[in-house]
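Asker: Take a look at the following structure, please.
The values are calculated or read from the model by the stated rules, or taken from the named source; none is laboratory data. Because the structure is predicted, anything quoted here is derived from the model rather than measured. Neighbour counts are summed over all protein chains in view; Cβ atoms, including those assigned to glycine, are modelled from backbone coordinates with ideal geometry.
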């Protein structure tokens, strides 16, 4: 056996030497035999002939020796590969079409896999025993439906830990947004508050210092220690080794840095990675500073998640049952505290030891469904891609029918022929896989911004083994699938017929499956593009809709006191100063104080109008406070009367500006100006209406009662102000600079948040934007694939019908006639696709209607544009083959077979 | 002896014959062929070329070793010699062959 191994190794590495040796050896034999015959008296030529005859077939003997040597399959594979490479290089157009098509199909799937892998499949990094770790999910029945509970009380966690026996580790945790840093550097970041035993669930060692100890997490308040995340340590502390012991401001308190987490460690992350880890009891005590023991004694504050590790041998069902029992006991304990609570027999509280990733558990919600649906579409795109490529390969195989027949006739085994065809398909698929991987990496960024605008997902990079593996697998599967069609064909080859038939007779067999596939692709593109078009129009309508205020140039600035208490008077003067300072910043056109901001918060107070017995019955009236420059800053137009002026101060007559809708609701057919309205009680002095402003949307983009009024902020509530800033040019670009400038005025550790209005409104437009992007991307993809498919089919047809074209030209057809023939064929495909696709889109429009905005799902404009687009694509795709057909030289075509 | 009178070699015995020839002294391929031809008094019909796949197979099994040397007329030739395990294999196969032929003879005499 050992000898055999040595032999094989020699064979592997010394091929050429061995071949030479064999040649020498056999030649020696022939020479000796020849000389023997010469000695016996034969002529040299005759002697040599005798020797060769006695020897047997030289090449066959050599082949037999090679067979004995083994590793023949290696030679064969190399040969096949070289042949495949040659074939690919000789048809660059074909190769590009195939590789591009495969790349698109594979790329889309790899990108989707990357996202789904991160969100739903891949176990959390560093988790020890991931199969034993679960996240606790609690639910109860409300009004006949199961309602998942989002955020549990610390007291609940204590109950569950006390009353279960299936777990050897319990770790509460919560990802909170808090201000980190001081003064100008203060920024809202994600901070993880974790239980003392949290780090025990992971197999991680600190990059610096140590982790939080269980002793540092204790009620009523834990230690003021923090562990930094590796990325935060790199970016904000420059990877300094001396950070240990330094103080860091998190929220209103300061913490001592005791360690740095290893690279890539981010705990249990749902969206954004945390920058630091602090003890959960410390965080709770700070949040509830006014009543520090409440968070672990009553059940009022539900905010955290719980991670558990099952004891060895405990399965998920037993663990869930154990948790449910404990939850029921906890429910009773809570009920003892709050009498009005419903009994557990009705609410049926239940607990599940579920998957660690939220996206896979009962709280997965729409996000997971959307992702799964999109990956379904991606798979369909891949299937179409395979069909497309199979079409192309089949077309090529048909073109090489005679070559295959000749080779079979010369003695090639069918097996070898099939292996060689398969090698070609696999090579193309490999190239397609590489192209797909590259497309995926670039394209996944696009998908991410459309689907998960808040999430900070790592990019599916080239270095990611799982993605690479998946891409490879996809390429292999695609190669096998697409290679099957020409293989099946080669297997069924009827030698005689193939050899006899030239291109002349009946070789032009338009494959019905091929055409059907092409029409199906076209139909699918139409459906996707129509959906994309409808969403794009919705998005346009949403964007163009007059909201009652300007969006692009407006910035909203709000303050967070963060433990620096200011008296009301001080706060009022602070915001007056901020308003003045903001106006002085270059690039700022105007600034004004306000109370609320649309889509984020609203303010309502009791409203009374003489002559109307119940104002509340007429609708919900919201109010805004504004300083004199408010209307000019926000861009809200005054239709009648005046806006707010400097004279509207404390002591002066109380005035208000009302929205048009409010004016027509409260005082129909009358002039609203001069009317009287009262706030809070019927007995308060009149507030006189001095102006009517345009309607404003503040709750919903779709429907809004728009019953809104404006009070001078000096007369109403100057201490609760926030700031509107109007910039020259888009506010988003100057937001940070303006924020920094104003932050210098803030006392203590209070800080400012600056949010461009475009971001606030933009988040409301997300669903349409997502629909437009997603359908647009897939629609474009489907269209490109269909175009490629159409091109290849038309090109093939033209080549096959070259003979027929020659006959036509010889009989008197001119160039335009030929071109019309080709275009006509392309058009017939496209029209069929349009009709079928359009029909499907019209039927499916019913389900889409609810998602659109001021656009009918049967909008003719969109259908028209898509139709034109497809026709254009058809013309472009068939242009080249048409030109080639027109230039056919009839003599050559007629002679050529 | 005419060509028709020569006997075809039963399967697998070529290896045995080669090993036997090499058990006396090392030879190159042609010499083995000549020896077989001479010693069997030209009875055996062995296409000369088929020797070589057999030789390589034996080499692969480790029963013979190959090395390049100079022939009688100073040409480069590949010589084969029997290895220790080859000698053992020759023993075993010879025993098997004799047992087989004895058994067949017994049946034919019955």
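Asker: Based on this model, can you work out whether residue A:894 counts as over 30 Å from the mean Cα position of the chain (by Cα) and either surrounded by fewer than 16 Cβ atoms within 10 Å (Cβ to Cβ) or free of Cβ contacts under 8 Å to residues at least 12 places away in the same chain (or both)?
Answerer: Details: over 30 Å from the mean Cα position of the chain (by Cα): yes; either surrounded by fewer than 16 Cβ atoms within 10 Å (Cβ to Cβ) or free of Cβ contacts under 8 Å to residues at least 12 places away in the same chain (or both): no.
Judged against the criteria, residue A:894 is not a match.
Asker: Residues that are facing chain B (nearest Cβ under 10 Å) and under 54 Å from the mean Cα position of the chain (by Cα), at least 2 per element: which helices (runs of 4 or more DSSP H) completely within segment A:1-96 meet that? Steps first, please.
Answerer: Details: elements: A:2-13, A:15-39, A:44-55, A:58-69, A:72-90.
Counting at least 2 such residues, we get A:2-13, A:58-69.
Asker: Which residue, of A:407, A:448, A:466, is in a helix (DSSP H, G or I) and modelled with pLDDT of 80 or more? Steps first, please.
Answerer: Values: A:448 fails: modelled with pLDDT of 80 or more; A:466 fails: modelled with pLDDT of 80 or more.
Only one candidate qualifies: A:407.
Asker: Just wondering, is there one or more residues in segment A:424-439 that are surrounded by fewer than 18 Cβ atoms within 10 Å (Cβ to Cβ) and either modelled with pLDDT under 80 or closer than 30 Å to residue A:531 by Cβ (or both)?
Answerer: Yes; the residues of segment A:424-439 include at least one that is surrounded by fewer than 18 Cβ atoms within 10 Å (Cβ to Cβ) and either modelled with pLDDT under 80 or closer than 30 Å to residue A:531 by Cβ (or both).
Asker: Only one of (1) in contact (Cβ under 8 Å) with a residue 40 or more places away in the chain; (2) in a helix (DSSP H, G or I); (3) under 31 Å from the mean Cα position of the chain (by Cα) is not met by residue A:754, so which one is it?
Answerer: (2)
Asker: Among the numbered criteria (1) assigned to a loop (DSSP other than H, G, I, E, B); (2) closer than 30 Å to residue A:123 by Cα; (3) modelled with pLDDT of 90 or more, which one does residue A:283 miss?
Answerer: Checking residue A:283 against (1) assigned to a loop (DSSP other than H, G, I, E, B); (2) closer than 30 Å to residue A:123 by Cα; (3) modelled with pLDDT of 90 or more, the one that fails is (1).
Asker: If I ask for residues that are over 17 Å from residue A:261 (Cβ atoms) and assigned to a strand (DSSP E or B), which ones from segment A:177-211 would you list?
Answerer: Residues of segment A:177-211 over 17 Å from residue A:261 (Cβ atoms): A:177-179, A:181-188.
Of everything in segment A:177-211, those that are over 17 Å from residue A:261 (Cβ atoms) and assigned to a strand (DSSP E or B) turn out to be A:177, A:178, A:179, A:187, A:188.
Asker: For segment A:44-70, enumerate the residues that are under 18 Å from residue A:21 (Cβ atoms) and surrounded by fewer than 14 Cβ atoms within 10 Å (Cβ to Cβ). Give the derivation first.
Answerer: Residues of segment A:44-70 that are under 18 Å from residue A:21 (Cβ atoms), as a first pass: A:55, A:58-59, A:61-70.
Listed by number, the residues that qualify are A:59, A:63, A:67.
Asker: Out of curiosity, is residue B:33 in contact with a helix residue (DSSP H, G or I) (Cβ under 8 Å, 6 or more places away or on another chain), within 22 Å of residue A:65 (Cα to Cα) and either at pLDDT below 90 or within 11 Å of chain A (Cβ to nearest Cβ) (or both)?
Answerer: Spelling it out, residue B:33 is indeed in contact with a helix residue (DSSP H, G or I) (Cβ under 8 Å, 6 or more places away or on another chain), within 22 Å of residue A:65 (Cα to Cα) and either at pLDDT below 90 or within 11 Å of chain A (Cβ to nearest Cβ) (or both).
Conditions (1) closer than 20 Å to residue A:196 by Cβ; (2) in contact with a helix residue (DSSP H, G or I) (Cβ under 6 Å, 6 or more places away or on another chain), marked per residue:
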site	(1), (2)
A:227	yes, no
A:230	no, no
A:233	no, no
A:238	no, no
A:252	no, no
A:284	yes, yes
A:289	no, no
A:299	no, yes
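Asker: Restricting attention to segment B:17-46, report how many residues are closer than 17 Å to residue B:71 by Cα and surrounded by 14 or more Cβ atoms within 10 Å (Cβ to Cβ).
Answerer: Step one: filter segment B:17-46 for residues closer than 17 Å to residue B:71 by Cα, giving B:22, B:25-35.
Then keep just the ones that are surrounded by 14 or more Cβ atoms within 10 Å (Cβ to Cβ); that gives B:22, B:26-35.
Selection size over segment B:17-46: 11.
Asker: Also: Looking only at segment A:835-852, decide whether some residue is free of Cβ contacts under 8 Å to residues at least 60 places away in the same chain, surrounded by fewer than 17 Cβ atoms within 10 Å (Cβ to Cβ) and outside any helix (DSSP H, G or I).
Answerer: So far as segment A:835-852 goes, no, none of its residues is free of Cβ contacts under 8 Å to residues at least 60 places away in the same chain, surrounded by fewer than 17 Cβ atoms within 10 Å (Cβ to Cβ) and outside any helix (DSSP H, G or I).
Asker: Now for a different question. Residue A:99 - would you say it is over 30 Å from residue A:222 (Cα atoms) and either at pLDDT below 85 or not in a helix (DSSP H, G or I) (or both)? Walk me through how you get there before you give the answer.
Answerer: On the way: over 30 Å from residue A:222 (Cα atoms): yes; either at pLDDT below 85 or not in a helix (DSSP H, G or I) (or both): no.
So residue A:99 fails the test.
Rundown of residues vs (1) under 30 Å from residue A:793 (Cβ atoms); (2) under 40 Å from the mean Cα position of the chain (by Cα); (3) buried (at least 16 other Cβ atoms within 10 Å of the Cβ), yes/no style:
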site	(1), (2), (3)
A:516	yes, yes, no
A:535	no, yes, yes
A:538	no, yes, yes
A:542	no, yes, yes
A:553	no, yes, yes
A:591	no, yes, yes
A:596	no, yes, yes
A:617	no, no, no
A:624	no, yes, yes
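Asker: Okay, next question. Residue B:43 versus (1) at pLDDT 90 or above; (2) more than 14 Å from chain A (Cβ to nearest Cβ): which is the lone unmet condition?
Answerer: Here residue B:43 clears every test but (1).
Asker: Another one. Any chance segment A:728-749 includes a residue that's in a strand (DSSP E or B) and either free of Cβ contacts under 8 Å to residues at least 40 places away in the same chain or under 19 Å from residue A:551 (Cα atoms) (or both)? Reasoning before the result, please.
Answerer: So the first thing to find is which residues in segment A:728-749 are in a strand (DSSP E or B), and the list is none.
Within segment A:728-749 (the criterion being in a strand (DSSP E or B) and either free of Cβ contacts under 8 Å to residues at least 40 places away in the same chain or under 19 Å from residue A:551 (Cα atoms) (or both)), the answer is no, since none of the residues qualifies.
Asker: Kindly evaluate residue A:619 against the criterion of being on the phi > 0 side of the Ramachandran plot and free of Cβ contacts under 8 Å to residues at least 24 places away in the same chain. Working first, answer last.
Answerer: Numbers: on the phi > 0 side of the Ramachandran plot: yes; free of Cβ contacts under 8 Å to residues at least 24 places away in the same chain: no.
It is false that residue A:619 is on the phi > 0 side of the Ramachandran plot and free of Cβ contacts under 8 Å to residues at least 24 places away in the same chain.
Asker: Please state which of the following conditions residue A:577 fails to meet, knowing it meets all the rest: (1) over 13 Å from residue A:555 (Cα atoms); (2) not in a helix (DSSP H, G or I).
Answerer: With (1) over 13 Å from residue A:555 (Cα atoms); (2) not in a helix (DSSP H, G or I) applied to residue A:577, the lone miss is (2).
Asker: Quick check on my filter: what residues within segment B:47-79 are more than 9 Å from chain A (Cβ to nearest Cβ) and either surrounded by fewer than 14 Cβ atoms within 10 Å (Cβ to Cβ) or touching a residue at least 60 places away in the same chain (Cβ under 8 Å) (or both)?
Answerer: Of everything in segment B:47-79, those that are more than 9 Å from chain A (Cβ to nearest Cβ) and either surrounded by fewer than 14 Cβ atoms within 10 Å (Cβ to Cβ) or touching a residue at least 60 places away in the same chain (Cβ under 8 Å) (or both) turn out to be B:67, B:69, B:70, B:72, B:74.
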